[in-house]
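Everything on this sheet refers to the single structure shown next.
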Amino acid sequence: MTSFDSDKAAELHRHLHSHLPSDPALRVKALESLAIERGLVAPETIDAWVEAYSEHIGPMRGAQVIARAWTDPDFKSRLMENATEAIKDFGFEGNATGHLHAVENTDAQHNMVVCTLCSCYPFSILGMSPAWYKSAAYRSRAVREPRAVLAEFGVFLPDDVALRVWDSTAELRYIVVPQRPDGTDGWDADRLAGIVTRNSMIGTERDLKAEG
Amino acid sequence: MDGIHDLGGKQGHGPVPVDTGDAPFSHDWERRMWGLAREGLVPSMTIDWFRHGLEMMVPADYLTQSYFEKWATNYLMIFADDGIASLQEIEAGHVADPAPRAAAKTTQEVVEQVRTGCTDFSLPPDAPAKFSIGDKVLTLDHGTAPHTRLPGYARGRHGTIIAHHGAHLLPDEGAKGRHVGDHLYTISFTARELWGPDAHPADTVTLELWESYLVPPR
């Protein structure tokens with residue numbers, strides 16, 4: 001049973017620090033062998049999870065949700081009211097999206113999402129998080145100098161656009177609703193979904209392009 | 001806790017590595033780690049014990065190990081703590097007395113498991129909320145030991161409540177294995193309140209904070 005003893009955790013970490021191989025591949029291999037031999041997971045199940053998050057669950061899900069919001073005003077109002085309920089239309093609810101909130105970019109406001117304390121992310125709707133999202137640089141700077149961070153992504157936010165940074169400190173997760181670009185009149189939701197990028201749903205991209 | 005994980009506002013970490021590509025994983029061991037973690041593996045732990053375990057890592061390891069590497073290290077600590085494997089077994093990479101193999105799941109089954117595994121962290125409140133939307137509040141200027149979700153950069157600061165979510169599990173207690181509800185609010189802080197007069201006047205940072213982290217403004 002878990003001890004929930006902080007001092008014991010610190011002591012075990014120090015022991016492991018001096019006794020484990022430094023190669024992460026070997027550490028994961030040890031963990032996998034222990035878990036399989038204890039009957040906690042089958043190796044084929046690990047393969048299944050990898051395939052699920054490589055082929056089936058990813059930012060294409062979020063893109064479909066955004067495209068629907070752009071083309072269906074009723075869906076958009078439900079999404080803004082309760083995103084956890086709204087994404088059930090697609091069967092996209094699940095891991096880390098039990099308390100999902102959609103926040104909308106406008107001409108006057110931009111939104112950007114971070115988790116400074118760990119790397120919380122809405123997995124079931126955006127898939128695996130990008131490496132930069134989990135970096136110490138993004139986690140430390142997104143709340144303090146977000147405009148400089150955006151500039152590193154090539155986004156130069158005008159002074160008259162307010163920026164709101166959402167630090168995911170609890171179990172709420174966020175998806176940014178980017179603005180629909182000009183030049184997409186008459187596009188159907190499938191075509192629109194093709195231009196919605198992962199970064200635009202995290203808020204490190206602002207102006208989507210009508211290409212595709 | 002005031003650990004190395006509390007990165008918000010820290011300086012000196014350099015540019016954001018923006019060109020990390022779109023691939024969800026860069027190494028096979030990352031794929032294996034992700035798949036393992038999706039199965040939970042340790043029924044007796046809580047999400048906050050997992051997070052607290054990461055916080056208790058050797059600080060230099062926390063900063064130098066990548067995301068999935070930290071997960072592997074932390075899971076091994078959690079296995080040892082729980083007794084799933086002894087330290088000797090962890091170092092050997094094998095258990096002395098293997099159990100029967102777990103049943104295999106298909107991709108279709110795990111995709112469905114994602115959908116049905118939508119976790120609700122809200123609890124029925126045991127007391128009325130002390131604050132309402134629009135209220136000004138002050139955050140505590142100290143954290144609670146050992147685990148808290150009140151980051152250092154937002155302590156002792158004035159903010160405005162912009163949403164109330166009812167009661168949610170309090171992580172400070174969750175890290176001790178206890179299920180206690182506390183009212184949860186989204187609080188907006190001006191960038192200038194957090195970072196001083198050089199910050200952009202229109203910018204804000206919002207955090208979800210529990211009622212026990214808050215007091216009325218002074």
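The values are calculated or read from the model by the stated rules, or taken from the named source; none is laboratory data. Note that the coordinates shown come from a computational prediction; the quantities given were computed from them, not determined experimentally. Positions of Cβ are generated from backbone atoms using ideal geometry, with glycine treated the same way; all protein chains shown enter the neighbour counts. Note: accessible area is taken over every heavy atom of the protein model, side chains too, but ligands, DNA and RNA are not part of it. Shrake-Rupley method; radii C 1.70, N 1.55, O 1.52, S 1.80 Å.
Would the stretch A:70-91 turn up any residue that is outside any helix (DSSP H, G or I), over 30 Å from B:Leu150 (Cα atoms), within 9 Å of chain B (Cβ to nearest Cβ) and open to solvent by 10 Å² or more (accessible area, probe 1.4 Å)? Checking the stretch A:70-91: at least one residue is outside any helix (DSSP H, G or I), over 30 Å from B:Leu150 (Cα atoms), within 9 Å of chain B (Cβ to nearest Cβ) and open to solvent by 10 Å² or more (accessible area, probe 1.4 Å).
Quick one: would you say B:Asp97 is within 30 Å of A:Thr84 (Cα to Cα), acidic (Asp, Glu), part of a loop (DSSP other than H, G, I, E, B) and open to solvent by 20 Å² or more (accessible area, probe 1.4 Å)? Judged against the criteria, B:Asp97 is not a match.
For the stretch B:81-127, a tally of residues being under 30 Å from B:Gly181 (Cα atoms) and among the charged types (D, E, K, R) returns 6. Within the stretch A:9-28, is even one residue in contact (Cβ under 8 Å) with a residue 60 or more places away in the chain, at the interface with another protein chain (Cβ under 7 Å from one of its Cβ atoms) and in a helix (DSSP H, G or I)? No; the residues of the stretch A:9-28 include none that is in contact (Cβ under 8 Å) with a residue 60 or more places away in the chain, at the interface with another protein chain (Cβ under 7 Å from one of its Cβ atoms) and in a helix (DSSP H, G or I). The number of residues in the stretch B:9-30 being over 17 Å from A:Thr204 (Cβ atoms), buried (at least 17 other Cβ atoms within 10 Å of the Cβ) and at pLDDT 95 or above comes to 4.
Among the residues of the stretch A:93-134, those that are farther than 24 Å from A:Asp207 by Cβ, without any contact (Cβ under 8 Å) to a residue 60 or more places away in the chain and within 8 Å of another protein chain (Cβ to nearest Cβ) comprise A:Glu93, A:Gly94, A:Asn95, A:Thr116, A:Leu117, A:Cys118, A:Ser119, A:Lys134. Quick one: what pairs do we get from the stretch A:200-212, first residue outside the structural domain of A:Tyr138 (by TED's automatic domain parsing), second among the small types (Gly, Ala, Ser) and surrounded by fewer than 20 Cβ atoms within 10 Å (Cβ to Cβ), C-beta under 6 Å, 6+ apart or different chains? Every condition considered, the pairs that remain are A:Ala210/A:Gly183; A:Gly212/A:Gly194. Contact map, the stretch B:87-101: first residue at pLDDT 95 or above, second residue aromatic (Phe, Trp, Tyr), Cβ cut-off under 7 Å, separation 6 or more or different chains; pairs are B:Ile90/B:Phe79. Could you give me the residue pairs with C-beta distances under 6 Å whose first residue belongs to the stretch B:31-46 and is more than 10 Å from A:Val50 (Cβ to Cβ) and in contact (Cβ under 8 Å) with a residue 24 or more places away in the chain, whose second residue is outside any helix (DSSP H, G or I) and among the hydroxyl-bearing types (Ser, Thr, Tyr) wherever it lies, and which are 6+ apart or on separate chains? Matching pairs, first to second residue: B:Ser44/A:Thr2; B:Met45/A:Thr2. Residues that are over 20 Å from the mean Cα position of the chain (by Cα) and within 7 Å of another protein chain (Cβ to nearest Cβ) were ranked within the stretch B:28-47; the one that is nearest to B:Asp82 (Cα to Cα) is B:Arg32. Summed over the stretch A:1-52, the residues that are of a type in the set (Lys, Arg) and more than 19 Å from B:Ala96 (Cα to Cα) give a count of 2.
Results for (1) open to solvent by 10 Å² or more (accessible area, probe 1.4 Å); (2) under 21 Å from B:Ala191 (Cβ atoms); (3) out of contact with any strand residue (DSSP E or B) (no Cβ under 6 Å at 6 or more places or on another chain), shown as yes or no for each residue.
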| site | (1), (2), (3) |
| --- | --- |
| A:Val113 | no, yes, no |
| A:Tyr138 | no, yes, yes |
| A:Val143 | no, yes, no |
| A:Ala148 | yes, yes, yes |
| A:Glu152 | yes, yes, yes |
| A:Asp160 | yes, yes, yes |
| A:Asp185 | yes, no, yes |
| A:Arg191 | yes, no, yes |
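So which residues in the stretch B:195-212 are out of contact with any His (no Cβ under 6 Å at 6 or more places or on another chain), in contact (Cβ under 8 Å) with a residue 40 or more places away in the chain and open to solvent by 10 Å² or more (accessible area, probe 1.4 Å), if there are any at all? Across the stretch B:195-212, the qualifying residues are B:Trp195, B:Ser212. Within the stretch A:99-127, the set of residues being of a type in the set (A, V, I, L, M, F, W, C) and more than 21 Å from A:Thr169 (Cβ to Cβ) comprises just one member, A:Ala108.
Taking A:Tyr133, is it in a helix (DSSP H, G or I), touching a Phe, Trp or Tyr at 6+ places or on another chain (Cβ under 6 Å) and open to solvent by less than 10 Å² (accessible area, probe 1.4 Å)? For A:Tyr133, the condition - in a helix (DSSP H, G or I), touching a Phe, Trp or Tyr at 6+ places or on another chain (Cβ under 6 Å) and open to solvent by less than 10 Å² (accessible area, probe 1.4 Å) - is not met.
Here is a list: B:Val137, B:Val110. Which entry is in contact (Cβ under 8 Å) with a residue 24 or more places away in the chain, among the β-branched types (Val, Ile, Thr) and within 7 Å of chain A (Cβ to nearest Cβ)? Going through B:Val137, B:Val110 in turn, the sole match is B:Val110.
Against the criterion of being within 8 Å of chain A (Cβ to nearest Cβ), at pLDDT 95 or above, surrounded by 14 or more Cβ atoms within 10 Å (Cβ to Cβ) and in a helix (DSSP H, G or I), B:Phe79 qualifies. The set of residues from the stretch A:140-175 being of a type in the set (Val, Ile, Thr), within 13 Å of another protein chain (Cβ to nearest Cβ) and either touching an Asp or Glu at 6+ places or on another chain (Cβ under 7 Å) or part of a strand (DSSP E or B) (or both) comprises A:Val143, A:Val155, A:Val165, A:Thr169.
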